[in-house]
Amino acid sequence: MTLSPVSGEVTVTSARPLDAALTLGPHQRGPVDPTHRRTADGAIWRTSRQPSGPVTYRITQSDRHTIRAQAWGLGATEFLGSVGALLGVDDDADDFAPEHPKLVEAHRRFPHLRIGRTGRVMEALVPAILEQRVHGIDAFAAWRRLSTKFGELPPGPAPDGMRVPLTADQWRLMPSWEFHRANVDPARSRTIVQCARVANRLEEASTFTRAEATQRLRAVPGVGIWTAAEVAQRAFGDSDALSVGDYHLASVIGRSLLGEPIDDARMVEYLAPLQPHRYRAVRLLQASGQAVKPKFGPRTAIADHRWH
């Protein structure tokens, strides 16, 4: 990899193929995420809050081996120094050797799938907490409402409607009625506030080993194995972070690789030989279109916590 600084931008090149859209996809929280935007020209715009300040960045890709990153704001220099990690240039899949034909084929077809890392824990943690035990559309709406209402306008030429992720203090001091109006129940809002109170200690986890980082995250009441895995996938670039406890994942894995639905315990047992690449296997199934989703019955009603 080479990084060529050019006044607020870098060009990332890699001998192995890259795919910015595929790598950054998991960081988008719903189709109208105020911190993530894909414009008509194919550019990906995102905002973040670095320790040095807010940043807006624009990612464009000219070919499979070259990506350009432009950045604006107080956090621009710091962000540009870590953009290679975000794009997964150091993601090592050399020891990933699946045996199932679907995974073998997916790995062959998608050598450009990378597991990148942001290094920003709260930016992954709050949306994951909002997604606990509720419909995705409900969680995405809450994230959009709270981020849009309280997030600051991003630096630079960001597309209209974008916002910078809230600070830990903003989440810590968020009035309970604002969570209520966003349809966030007290259990989830309490977990967000508790995490915000120890945000500095949680952010430190980005430098820990997998086991230590998970332990640090799960020390906060309300942060379970699923939430910790969702954070590890995005903030730490953990290729093994399996979302145990996900409402559909075990069934999808079972139907896709075994031809029948399975439970979490069997999923963990079945995927054990793929360590430390269990999350990579899940992403490959998704990216290749080979993930067999369960046949859903009538949707359960979306819980409305605003009137209780």
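The values are calculated or read from the model by the stated rules, or taken from the named source; none is laboratory data. Nothing here was measured: the structure is a model prediction, and the numbers come from that model. Cβ coordinates were reconstructed from backbone atoms using ideal geometry, including for glycine residues, and neighbour counts include every protein chain displayed. All accessible areas refer to the heavy atoms of the entire protein, side chains included, with ligands and DNA or RNA removed. Shrake-Rupley method; radii C 1.70, N 1.55, O 1.52, S 1.80 Å.
Key figures
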quantity: Those GluC sites (Glu not before Pro) in the stretch 50-115 that DSSP places in a loop and that have at most 12 other beta carbons within 10 Å; calculated: Glu99
quantity: Exposed trypsin sites (Lys or Arg not before Pro) absent - longest run of the chain, DSSP non-H/G/I/E/B, at most 15 other C-beta within 10 Å; calculated: 134-294
quantity: Around Asp169: net Lys/Arg minus Asp/Glu count, Cβ-Cβ under 14 Å; calculated: +1
quantity: Carbon and sulfur %, accessible surface of the stretch 1-84 computed with the full protein complex present, 1.4 Å; calculated: 56
quantity: The stretch 1-143: C-alpha gyration tensor shape, a/c 1.5 cut-off, then a/b vs b/c; calculated: oblate
quantity: Per residue accessible area in Å² of the chain, where ligands, DNA and RNA are left out and the probe is 1.4 Å; calculated: 47
quantity: Helical mean residue ellipticity (222 nm; -39500 (n - 2.57) per DSSP H run of 4+; nearest 500) of the chain; calculated: -10500 deg cm²/dmol
quantity: Carbon/sulfur fraction of accessible area - the stretch 123-209, other protein chains in place, 1.4 Å, %; calculated: 53
quantity: Qualifying GluC sites (Glu not before Pro) in the stretch 114-188, DSSP loop, other Cβ atoms within 10 Å at most 16; calculated: Glu152
quantity: Whole-Å distance, taken between Cα centres, linking the stretch 193-251 and the stretch 22-52; calculated: 21
